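Report on one structure; see the data block that follows.
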Amino acid sequence: ESMARLLPGASYSKIRALAFIADGNLLATGDKGGSSWLYDIERCQLSSSCWQLPTPVCSLAWCDSLLTAGTATNDLFFHDIRSPPRESAKLTPDGIPERTRIVGLRWSPDLTQLAAADAHAVRVWDKRMLVPQPLFELLGHGRSTGRALSWAPWQRHLLASGGGRGDGGGGGVAHCIL
């Protein structure tokens with residue numbers, strides 16, 4: 001076993017999000033400057049740039065070749081890595097206060113639903129209908145609903161969330177959404 005830096009000598013202090021692609025050797029990173037990069041893990045080198053967003057990247061998630069980024073201004077960006085680096089789609093969810101960070105982001109195991117968490121709610125979208133109004137929304141009722149998200153691999157539509165900052169104890173509250 002060995003450990004190697006992807007870019008020797010580079011500063012990693014700006015990285016805010018990481019995500020491995022499921023069926024390959026790419027690692028996506030997102031930083032506080034809004035940049036997203038793809039690294040080839042086998043070669044330990046930069047593979048390509050995905051995008052330069054106008055706001056910090058707070059979370060990343062893969063759906064096959066589609067990389068999704070949650071930002072510090074409540075936007076979701078989608079980029080198919082088979083497309084040119086500057087081509088991406090943007091979704092601004094309805095009803096989220098401006099400057100709300102999307103800090104949790106997960107695609108369901110069957111890659112049909114996207115869950116996004118911020119300080120106010122957990123929202124779920126159907127991949128076929130990526131529109132501003134989510135399919136489902138769990139509001140935090142004045143408490144943080146969670147930064148951590150996990151879909152159950154054994155039961156379709158079972159999503160757990162927890163670990164929010166506003167839950168009184170610095171984390172630990174868990175919700176299950178069916």
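To keep it simple, each residue is scored yes or no on (1) part of a loop (DSSP other than H, G, I, E, B); (2) aromatic (Phe, Trp, Tyr); (3) at pLDDT 60 or above.
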residue: ALA116; (1), (2), (3): no, no, yes
residue: VAL124; (1), (2), (3): no, no, yes
residue: ARG128; (1), (2), (3): yes, no, yes
residue: PRO132; (1), (2), (3): yes, no, yes
residue: PRO153; (1), (2), (3): yes, no, yes
residue: ALA160; (1), (2), (3): no, no, yes
residue: GLY171; (1), (2), (3): yes, no, no
TODO: Evaluate region 65-86: report whether one residue or more is open to solvent by 30 Å² or more (accessible area, probe 1.4 Å) and small (Gly, Ala, Ser).
DONE: yes
Open item on the list: I need every pair where a residue in region 100-120 that is among the polar types (S, T, N, Q) has its Cβ under 6 Å from the Cβ of a residue that is open to solvent by 40 Å² or more (accessible area, probe 1.4 Å), sequence separation at least 6 or different chains.
Closed with: THR112/LYS127
Open item on the list: Residues that are buried (at least 20 other Cβ atoms within 10 Å of the Cβ) and either within 22 Å of TRP125 (Cβ to Cβ) or at pLDDT below 90 (or both): does region 20-32 have at least one?
Closed with: yes
Open item on the list: What's the total number of residues in region 33-52 that are at pLDDT 85 or above and open to solvent by less than 70 Å² (accessible area, probe 1.4 Å)?
Closed with: 8
Task: Residues satisfying the stated conditions in region 3-12, i.e. at pLDDT 65 or above and open to solvent by 80 Å² or more (accessible area, probe 1.4 Å) - done: MET3, ARG5
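The values are calculated or read from the model by the stated rules, or taken from the named source; none is laboratory data. Keep in mind it's a predicted model, so treat the numbers as computed, not measured. All Cβ positions, even for glycine, are placed from backbone atoms using ideal geometry, and neighbour counts span all protein chains on display. Only protein heavy atoms, including side chains, enter the accessible area calculation; ligands, DNA and RNA are left aside. Shrake-Rupley method; radii C 1.70, N 1.55, O 1.52, S 1.80 Å.
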